Amino acid sequence: MIAGPVDSVQCFYFSPTGSTRKIVKVIAEGTGVPSLAPLSVTTPQDRDSFSGQIDGDLLIVGVPVYTGRIPSFVLSPLSQVDGAGRWALPVAVCGNVRMGTCLAELCAILKRQGFTIPAAGNFIAQHSFACEDFPIARDRPDQDDLRQAAEFGRQVAGRI
């Protein structure tokens, strides 16, 4: 398959706090394209049972930023995926501390796996260590963040 029309979108994510899942889901909804069952690699069971099979014409790949990098848990499942020229939309979700090289790394991995990347995005979510004493990006993603995620999905769909 060579990147072409998008008749279906599928989300692939690692999302221990649920924020990354929420953002990629809203991006997918913003595309206006029918969504297929999401592919979560969040738990060890998810990762162990992941076959590498993807079905969407556009794969939205969301990962949180861990110390500026891709969480190591995601590397093995990503290495199983064959893009076969499909579209992929890399998304890095940061706790508003440091984006680092996560998004660039994710783009490089997806290109190496055979995906075509029309765009990529960084988004903000509440930091996993946030608490009353350290309210880092508290209550994010908020409505404005989600509106921007939906708009990002709409623009990507229009571009491809």
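The values are calculated or read from the model by the stated rules, or taken from the named source; none is laboratory data. Predicted model, so just to flag it, every value in this text is computed and none were measured. Reconstructed Cβ throughout: ideal geometry from the backbone, glycine too, with neighbour counts over all protein chains shown. Areas reflect the complete protein model, heavy atoms only, side chains present, ligands, DNA and RNA absent. Shrake-Rupley method; radii C 1.70, N 1.55, O 1.52, S 1.80 Å.
At-a-glance table
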read-out: Filter result (under 19 Å from K22 (Cα atoms) and either assigned to a helix (DSSP H, G or I) or open to solvent by 10 Å² or more (accessible area, probe 1.4 Å) (or both)) within the range 74-93; value: V74
read-out: Boolean, S40 is touching a Cys at 6+ places or on another chain (Cβ under 9 Å), more than 14 Å from F115 (Cα to Cα) and either of a type in the set (G, A, S) or at pLDDT below 95 (or both); value: yes
read-out: Residue pairs meeting the criteria (Cβ under 6 Å; at least 6 apart or on separate chains; first more than 16 Å from R98 (Cα to Cα) and open to solvent by less than 20 Å² (accessible area, probe 1.4 Å), in the range 51-73; second of a type in the set (V, I, T) and part of a helix (DSSP H, G or I)); value: I60/V24; I60/I27; G62/T20; G62/V24
read-out: Evaluation of C94 against (1) at pLDDT 90 or above; (2) under 12 Å from the mean Cα position of the chain (by Cα) (one fails), failing number; value: (1)
read-out: Any hit, the range 100-108, residues being at pLDDT below 95 and over 25 Å from R154 (Cα atoms); value: yes
